[in-house]
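Right, one structure below, let's go through it.
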Amino acid sequence: MDWGTELWDQFEVLERHTQWGLDLLDKYVKFVKERAEVEQAYAKQLRSLVKKYLPKRPTKDDPEVKFSQQQSFVQLLQEVNDFAGQRELVAESLGIRVCLELAKYSQEMKQERKMHFQEGRRAQQQLENGFKQLENSKRKFERDCREAEKAAHTAERLDQDINATKADVEKAKQQAHLRNHMAEESKNEYAAQLQRFNRDQAHFYFSQMPQIFDKLQDMDERRATRLGAGYGLLSEAELQVVPIIGKCLEGMKVAAESVDAKNDSQVLIELHKSGFARPGDLEFEDFSQVINRVPSDSSLGTPDGRPELRAASSRSRAKRWPFGKKNKTVATEDFSHLPPEQQRKRLQQQLEERNRELQKEEDQREALKKMKDVYEKTPQMGDPASLEPRIAETLGNIERLKLEVQKYEAWLAEAESRVLSNRGDSLSRHARPPDPPTTAPPDSSSSSTNSGSQDNKESSEEPPSGEGQDTPIYTEFDEDFEEPASPIGQCVAIYHFEGSSEGTVSMSEGEDLSLMEEDKGDGWTRVRRKQGAEGYVPTSYLRVTLN
């Protein structure tokens, strides 16, 4: 079954069908082009997203990279970036193998189709011209026959007319003979033209046009086959990257499974452990032995009747490092401003860097020595004296680095001994009510103006608090505070407390209090009683609920 046989009279149908096929090819090329643009835009957005969330700092400078959570996240981002690269490959493959090649093929098909239909139209035009010539010869033959018949009738009429002259009769006979001869010639020409047209028409319908239609059929089938292959390229471009995309997805799964919570906890410890010993229990300082606690007009102390604290207690005020604000510290070369463990780690890093630099300088010195020996043995290769400045500079660097190594080794040994001495610390828990803080409340005065000598005497009689022995992490804090406009929470007194020193307030067990200021690390919390009295009480005596 072919077009030339079955569709011999459907020239216009074939023309429309082949045009539709080429339009479909162009439509698919346009679709794939837009699909490739979508893939390219998708890949670009993925890469922008990855870039947005990748760490900005270099990996070696980012402490967070030590955590498996961060490492897994970075790995996941890299896998997404690789996934975006595969989408770009899909877009590139579609753009080259489908868009460019099929667009070029479409142009070739259009040229071939145009050629075939031009050939068919030429054949049609030739057949039409032959038919016109046939019609012309037929009409001429018909006209000549009528003229010959008319001339014959005229000659016969004159011949029978007795009034006609002999000359008129002869002339009419000659005219009839001429017309008859012309009719015969027209007949022969018409017969020849008819035979030629029939031959051309048979060639047109049985040979020429079937060949053209068969060529169009072959062209259209090749186009359809190529279009089908183009359809396959759409999935093939995806299938080519599926293994790598699978690896990307597998990498994301591995990254998810690489999160190690226990290890991250250990990393956090290694990064930030201070090496400080835990503070020991604070001793209770009972000031009621030497000062009359009953407020009266004759009581010593401030105008409001509250006795002043001794200078010794003021001197013993020290807020503890883990709680409250830290003072800004100035960085030192031996990192003594850091906690012991962090100091040890930083010193270890500095020592390793100095050792690496020292090894590098020593290697360079050996290389310069060898080069100098070569120059001395073969002077044409260079002047040995030209290396002396570099050798001297290297030796100077080596001496400087050795001194720095010794310095850091000494500091490191001191820091390690400090860490080891702090590791013996232990905490003890007591079932009895905790002792009140040994430090004075934050608003106590540093000295008493009217009982200085007595304070000195009492200070000498008090047992040492041991602050400098087992609490090496004390630091100073700001003593100023802002008065809150309203309570920041509520608290309940767990134990009874007799607020007898300056800045304190008494409370009963189970009493509800308003929390005015949290503990800043010194063991005291500022509260307000329902009666309106406000002052400090030991934090360990309270159960606090913040707003």
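The values are calculated or read from the model by the stated rules, or taken from the named source; none is laboratory data. Keep in mind the model is a prediction, meaning the values are calculated, not measured. Heads up, the Cβs are rebuilt from the backbone with ideal geometry, glycines too, and the neighbour counts pull from every protein chain shown. In case anyone asks, the SASA skips ligands and DNA or RNA and just uses the protein heavy atoms, side chains included. Shrake-Rupley method; radii C 1.70, N 1.55, O 1.52, S 1.80 Å.
Take 493-503, 272-282 and order them by the average number of nearby Cβ atoms within 10 Å per residue, most first; the result is 493-503, 272-282.
Residue ranking by accessible heavy-atom surface, 1.4 Å probe, largest first, among Glu257, Glu376, Glu357, Glu39 comes out as Glu257, Glu376, Glu357, Glu39. The radius of gyration of the Cα set in segment 3-258, together with its Dmax, comes out at 40.1, 143 angstrom. Principal semi-axes of the equivalent ellipsoid, √(5λ) from the alpha carbon gyration tensor of segment 340-421, are 39, 9, 7 Å from largest down. Neighbours of Glu185 by Cβ distance under 10 Å: Lys/Arg scored +1, Asp/Glu scored -1, total -1. Less than 5 angstrom separates the built amide H of Tyr495 from those of Gly510, all sequence-distant by 5 or more or on a different chain. A straight line joining the Cα centroids of segment 154-203 and segment 494-537 runs 148 Å. Under the criterion of Cα pairs below 8 Å and six or more residues apart, the relative contact order for segment 489-546 equals 39 percent. Distance between the 7 Å Cα→Cβ label points at Arg543 and Leu271: 3.7 nm. A Förster distance of 60 Å, applied to the separation of the beta-carbon atoms of Ala410 and Ser235, puts the FRET efficiency at 0.25.
Anisotropy class assigned to segment 489-546 is rounded, per the alpha carbon gyration tensor with a/c under the 1.5 cut-off. Sites listed here are trypsin sites (Lys or Arg not before Pro) in segment 19-94 whose DSSP assignment is loop and whose Cβ has at most 10 other Cβ atoms within 10 Å: Lys56. Taking every C-alpha pair closer than 8 Å and separated by at least 6 residues, the mean separation divided by the residue count of segment 3-258 gives a relative contact order of 35 percent.
Between Glu357 and Gln111, take the C-beta separation as r, use R0 = 60 Å, and let me know the FRET efficiency to the nearest 0.05. That pair, Glu357 with Gln111, gives E of 0.25.
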